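Each remark here refers to the structure printed beneath this line.
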Amino acid sequence: MTSINQNFTMYSGDDKTIIVTINNNDNQAVNLSGLLAAQFVAKKYAKSSTVDITKTLGGGITITDASNGKISIVLDSADTASLDPGEYYTETRIQDSSSRTGTVSVGIMTLKQADSL
């Protein structure tokens with residue numbers, strides 16, 4: 001089941017960890033044991049071919065609680081430091097142990113301008 005409106009706000013150049021809980025159509029947590037792949041992307045528009053941020057399983061995405069369907073997505077300061085402030089479409093997709101692929105969350109990341117240190 002795709003969780004929609006998974007919106008969040010952050011400041012450019014900040015670190016942020018996003019926790020995503022993956023549920024099935026009955027709103028029950030999906031067991032992520034044997035998860036083959038996961039990908040998070042952020043881009044200016046949903047249909048844009050230019051991706052501004054990409055995270056993958058083992059490359060910014062970790063399974064934090066397999067039996068309760070939880071993954072964490074870590075955005076490092078370098079991921080957003082050079083992006084223009086504004087709204088970015090985000091999407092998280094997984095491929096389960098049976099090689100089925102699905103979109104598990106979509107939303108908007110609002111990026112605000114941070115003052116420099």
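Structure summary
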| read-out | value |
| --- | --- |
| Local net charge near E91, Cβ-Cβ under 15 Å (Lys/Arg +1, Asp/Glu -1) | +3 |
| DSSP-loop trypsin sites (Lys or Arg not before Pro) across the stretch 10-111, with at most 10 other Cβ within 10 angstrom | K47, R100 |
| Computed label-point distance, nm, for sites D65 and T21 using a 7 Å Cα→Cβ extension | 0.7 nm |
| Convex hull of Cα atoms in the stretch 36-94, direction-averaged projection (nm²) | 4.6 nm² |
| Loop chymotrypsin sites (Phe, Trp or Tyr not before Pro), the stretch 1-99 (other Cβ atoms within 10 Å of the site Cβ: 15 or fewer; DSSP) | Y45 |
| Length added when fully stretched, S99-T54, from 0.36 nm per residue minus Cα-Cα | 14.1 nm |
| Stokes-Einstein translational diffusion, the stretch 1-55 - Kirkwood Rh over all Cα pairs, 1.306 mPa s, 10 °C, in µm²/s | 115 µm²/s |
| Under-5 Å amide H pairs with I108, H placed in peptide plane, nonlocal only | Q6, N7, F8, T90 |
| Per-q log10 I(q)/I(0), the chain, q = 0.18 Å⁻¹ (Debye; single scatterer per alpha-carbon; no solvent) | -0.89 |
| Note, ³J(HN,Hα) from phi for the stretch 53-68, Karplus 6.51, -1.76, 1.60, rounded to Hz, x at Gly and Pro | 9, 10, 10, 10, 4, x, x, x, 10, 10, 7, 9, 7, 4, 5, 9 |
| Phi to ³J(HN,Hα) by Karplus 6.51 cos²θ - 1.76 cosθ + 1.60 over the stretch 6-17, Hz, x for Gly, Pro | 8, 8, 8, 10, 8, 9, 4, x, 8, 8, 8, 10 |
| Residue-averaged 222 nm ellipticity for the chain, from DSSP H runs of 4+ at -39500 (n - 2.57), nearest 500 | -500 deg cm²/dmol |
| Per-residue ³J(HN,Hα) for the stretch 95-104, Karplus 6.51 cos²θ - 1.76 cosθ + 1.60, θ = phi - 60°, Hz, x for Gly and Pro | 10, 7, 5, 9, 6, 7, 10, x, 7, 9 |
| Set of lysines near K44 by C-alpha distance (under 25 Å), chain-local residues within fewer than 8 positions excluded | K16, K55, K112 |
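Every number here is computed from the coordinates shown, using simple stated rules; none is lab data. Small disclaimer: the values here were computed from a predicted structure and weren't measured. Positions of Cβ are generated from backbone atoms using ideal geometry, with glycine treated the same way; all protein chains shown enter the neighbour counts.
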